[in-house]
Each structure stands twice: as structure tokens, then as C-alpha cells.
Amino acid sequence: MKGKVDTLKAFDIEFKGLKEGTHTFIYSVRKEFFEQIENSLIDDGDIEAKVLLTKHSTYLHFEFDVNGSVVTICDRCLDPITIKLSNKGILYVKFGVELDDTNDEVLIIPHEEYCLNIAQYIYEFIALGLPMQIVHSNKSDDDKCNVTMLNKLKEFSSLSPENKSDEKETDPRWNELKKLIDKNK
């Protein structure tokens, strides 16, 4: 647990001591970062996260810009795959009586807070930059799905010839039910 606290502590922004206006923070996000995020979908990466903080008298405005590449798992063959990504996002931080993080775009933190750890927000904007379906393109030798796994998928697929014969044989009770339905039409 100590390693987690130390690694992610680098993403603390102490906003109380900052003057009003815009401040820029640049972070390098690597493997150690993703190892510290619980249930991370990403195994490794080389991401530059640029964070612009605009401090106002009553709220904070964060702009996130994440660019680079990550290593995750192919949805089809389960082998590692490198994905290039670029994503931007915004977070507003307002001050209130107690913590309220139920809104995705507005975070309310207690008035007495002086620091905000933005590691989870950086991770979320990286994850949101991933495509919906992560699969190898199969256009080059470096970006091909695992053939052994694809053959296994084909073997167990409902569309394979071995499994199609099972579909033709139906329980005779269904035929009797279909007759009843047709009779009532």
C-alpha cells in the first residue's frame, strides 16, 4: 500500500497556495501508474498528460489533454495490443460542505480541502480515449491476432459447422407448442 500512496502522490495538486489564473501541470504516465490503479484495463503505457488548472475565487476548472500509447488486451485473442490514443476532458471542482462526486463533470469538495489528487481523473480520460472494441488490425505481422486463440474461438463458435448440426435438431415438444400457436392465429 505504501508504494501506491507514494506513486500516486505525484498527482497531488495543492491548489490553496496557487494564485488565481491558469497553471500548467505535465505528467508522464507509465507502467507504475497503471499498476497502482485498481482494476485497470491498461497494463502499460507511455502517456503525456497535460493538465491546465484555472483557479477562480469560487471554483477550479481543470482541462485534461492525454496523448500517447497504452498496452492493453485484445478483445478477440487476449494477447497484448498497443493502442495510440488522444483524448481531452474537463472537470469542474466546486467547494461545499461535504464531498460529492456523484456528478461526472462537477466534483464538490469540502471548503477546508487544500489539495486534490487527479490520478483517477487522468486514468479515466485515458480509458475513455480507448476504442469501444480493442482488436488487432491484422494488417501487419506486428499487429495480428493470436492464430491459436482464433482457431479455438472458431471451434467453439455457434457458427462453426460442427455446432450447426446441433441447431437443426430441436426438442419435439417445441414443435407441438408451435402447432398450438399456429392454431390460435
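Observations on the model:
- If the condition is being in a strand (DSSP E or B) and loosely packed, with under 14 Cβ neighbours inside 10 Å, then region 26-42 contributes ILE26, SER28.
- Taking region 35-56 as the range and being over 25 Å from HIS23 (Cα atoms) and among the hydroxyl-bearing types (Ser, Thr, Tyr) as the test, only SER40 passes.
- Within region 35-58, the set of residues being closer than 22 Å to GLN133 by Cα and in contact (Cβ under 8 Å) with a residue 12 or more places away in the chain comprises ILE37, SER40, LEU41, ILE42, ASP43, ASP44, GLY45, ASP46, ILE47.
- Residue match in region 43-58 (condition: closer than 17 Å to ALA127 by Cβ and part of a loop (DSSP other than H, G, I, E, B)): yes
- Selection status of THR58, of a type in the set (Ser, Thr, Tyr), at pLDDT below 95 and over 21 Å from LYS144 (Cα atoms): yes
- GLU124 meets each of the listed conditions (1) among the acidic types (Asp, Glu); (2) in contact with a Gly (Cβ under 8 Å, 6 or more places away or on another chain); (3) more than 16 Å from ASP43 (Cα to Cα) apart from (3).
- Among the residues of region 70-93, the ones that are of a type outside the set (Val, Ile, Thr), in a strand (DSSP E or B) and surrounded by 14 or more Cβ atoms within 10 Å (Cβ to Cβ) come to 5 in all.
- Cross-chain or 6+ apart pairs with Cβ under 7 Å, region 96-113 first and surrounded by 10 or more Cβ atoms within 10 Å (Cβ to Cβ), then assigned to a loop (DSSP other than H, G, I, E, B) and not basic (Lys, Arg): LEU107/ASP101; ILE108/LEU99; ILE109/LEU99; PRO110/VAL97; PRO110/GLU98; PRO110/LEU99
- Among the residues of region 67-87, not a single one is farther than 30 Å from ASP143 by Cα, in contact with a strand residue (DSSP E or B) (Cβ under 6 Å, 6 or more places away or on another chain) and modelled with pLDDT of 95 or more.
The values are calculated or read from the model by the stated rules, or taken from the named source; none is laboratory data. Only a predicted model underlies this, so the values are computations on that prediction, with no experimental measurement involved. Backbone-built Cβ (ideal geometry, glycine too); neighbour counts: all protein chains shown.
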